[in-house]
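Only one structure is covered here, and it is reproduced in the block below.
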Amino acid sequence: MKKILITGGAGFIGSHVVRLFVQKYPQYTIVNLDKLTYAGNLENLKDIEHHTNYIFEKVDIVDANAIDTLFEKYKFDSVIHLAAESHVDRSILNPLEFIMTNVVGTVNLLNAAKKCWHDDFSGKLFYHVSTDEVYGSLGETGLFTEETAYDPRSPYSASKASSDHFVRAYENTYHLPVVISNCSNNYGAFQFPEKLIPLFINNIKNNKPLPVYGKGDYTRDWLFVEDHATAIDTIFHNGKLGETYNIGGFNEWQNIDLIKLLCAIMDKKLNREKGSSEQLITYVKDRPGHDKRYAIDASKLNKELGWKPSLQFEEGLEKTVDWYLQNETWLHHVTSGEYQNYYKHQYELS
Ligand code: NAD
Ligand code: DAU
């Protein structure tokens, strides 16, 4: 009977990881810790909330005492740490919040695990979920490997890089059993509509402008979120302690090409005239310090642990569009309140 703490389980990726673990491993107890910020939503987990191996705890990882108390209460064997402030544009508006949650919060969890496990680390694991953005920005060619030097360039990626360094420092100094994965851009159901794909789906649906930063010639490497969850499952169970694994779909898209593909899918789904959604494209002021290109070399994970993505991008994107069109109530709930203020600030002033 493993007791696993999953942090950030009410968020986008976390909810897919919690669902996978709760359903696939009835023999494990899964404790989902989440502060429920604007990005955390228990509606994401409605289908599994009554499972007997699932528990929710509303806790802020910045609160060290609360974290210690939780470790004393459950005596976790393992941690899968996803809780974070995750949106680059918000990090540019308020870097301190990112330092508090992503750096201080991570160190609080490391301290609590170290204390709880009393230097008896057999069967224990601290799995830290990170991003490819820690590697910085690529030119026209090349891929991020696990050996690429860190070069974070936004307050968000600097805070994630810092948290990765603390995780490695705890391994080196205290021999805490850790593993880290760095993943590329995720897309799929339950993603908060401030990120490119769900924001643009929502705007197309409502005939609102599609705010493309700069010339739209930035490149991202996209992975279906359920494939990220299976990669985490694989690494959690079979990854080597102390290792880093890059996760990605070998699936690079320039923003403008992705946006045109999305527009074409939406025209079809909404029975609109071909080309009509593209007319909503509006070029706006660029993101400050915008990273040019991300691309992940995920071959280590494939060669050593046998993981590979299950879906082609077009198929995953269509599935994602269908989900957003069928879940209007969810979309309505998350786009009211605080989100309206953020949207106004981010887009109407630019
Ligand atoms: P998200 O913003 O959708 O969810 C984050 C979750 O963390 C939310 O449920 C939120 O309530 C919770 N949270 C935030 N601050 C907290 C705090 N102080 N205490 C407790 N809970 C808190 O993020 P996501 O996109 O699901 O990302 C999850 C993780 O994966 C992050 O660590 C992120 O850096 C990493 N990641 C994301 C992507 C991506 O494309 N979204 C890619 C690679 C890595
Ligand atoms: O690479 C992994 C990272 O991917 C994760 O660590 C982050 O948590 C996640 O948010 C994501 O970061 P990005 O900044 O790449 O994602 P975002 O969806 O914000 O933007 C994707 C691209 O689209 C980027 O080049 C900026 C551009 N963009 C984004 C928005 C929100 C626009 O052109 N217009 C927009 O309105």
Query raised in the report: If you scan the range 84-106, which residues turn out to be within 12 Å of ligand 2 (Cβ to nearest atom) and either over 13 Å from Ser157 (Cα atoms) or of a type in the set (Gly, Ala, Ser) (or both)?
Result: Ala84, Ser86, Ser91
Report summary line: Selection from the range 131-158 of residues outside any helix (DSSP H, G or I), among the acidic types (Asp, Glu) and closer than 20 Å to Gln254 by Cβ yields Glu140
Report task. Spot the failing condition for Glu140; the list is (1) more than 10 Å from ligand 2 (Cβ to nearest atom); (2) closer than 23 Å to His290 by Cα; (3) at pLDDT 95 or above, and only one is missed. Result -> (3)
Requested in this report: Would you tally the residues in the range 333-347 being under 18 Å from Leu36 (Cβ atoms) and either modelled with pLDDT of 90 or more or within 16 Å of ligand 1 (Cβ to nearest atom) (or both)?
Outcome: 7
Report task. Working carefully through the options Ile201, Ile180, find the one that is under 17 Å from Asn255 (Cβ atoms) and not in a loop (DSSP other than H, G, I, E, B). Result -> Ile201
Query raised in the report: Does the range 213-243 hold any residues that are touching a Pro at 6+ places or on another chain (Cβ under 6 Å) and either away from ligand 1 (no atom under 14 Å from the Cβ) or free of Cβ contacts under 8 Å to residues at least 60 places away in the same chain (or both), and which are they?
Result: Leu241
Query - Answer residue from the range 219-236, given it is closer than 19 Å to Asp297 by Cβ and open to solvent by 10 Å² or more (accessible area, probe 1.4 Å) and is nearest to ligand 2 (Cβ to nearest atom) among those - result: Arg220
Query raised in the report: Which of (1) among the charged types (D, E, K, R); (2) surrounded by fewer than 17 Cβ atoms within 10 Å (Cβ to Cβ); (3) under 22 Å from Ser91 (Cα atoms) is the odd one out, the single condition Glu147 does not satisfy?
Result: (3)
Requested in this report: Give me the pairs, please: first residue somewhere in the range 278-307 and under 23 Å from Pro152 (Cα atoms) and hydroxyl-bearing (Ser, Thr, Tyr), second residue anywhere and open to solvent by less than 40 Å² (accessible area, probe 1.4 Å) and assigned to a strand (DSSP E or B), beta-carbon distance under 6 Å, and either six or more positions apart or on two chains.
Outcome: Tyr294/Arg220; Tyr294/Asp221
Query raised in the report: If you check Lys58 against the conditions, is it more than 16 Å from ligand 2 (Cβ to nearest atom) and closer than 26 Å to Asn185 by Cα?
Result: no
Report task. Take the residues in the range 178-193 that are open to solvent by 10 Å² or more (accessible area, probe 1.4 Å) and over 18 Å from Gly136 (Cα atoms), then tell me which one is farthest from ligand 1 (Cβ to nearest atom). Result -> Ala189
Requested in this report: Go through Ile281, Ile259 for me and flag whichever is farther than 19 Å from Glu318 by Cβ and either modelled with pLDDT under 95 or surrounded by 14 or more Cβ atoms within 10 Å (Cβ to Cβ) (or both).
Outcome: Ile281
Query raised in the report: Right, His290: in a loop (DSSP other than H, G, I, E, B) and within 16 Å of ligand 2 (Cβ to nearest atom) or not?
Result: yes
Query - Looking only at the range 227-260, and only at residues there that are of a type outside the set (Lys, Arg) and closer than 19 Å to Lys208 by Cβ, the one that is farthest from the chain's Cα centre (by Cα) - result: Ile256
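The values are calculated or read from the model by the stated rules, or taken from the named source; none is laboratory data. Bear in mind the structure is a predicted one, so any value in this text is a computation, not a measurement. Quick reminder, even Gly has a Cβ in these numbers, built from the backbone with ideal geometry, and neighbours come from all protein chains shown. Keep in mind that these areas ignore ligands, DNA and RNA; they rest on the heavy atoms of the full protein, side chains included. Shrake-Rupley method; radii C 1.70, N 1.55, O 1.52, S 1.80 Å.
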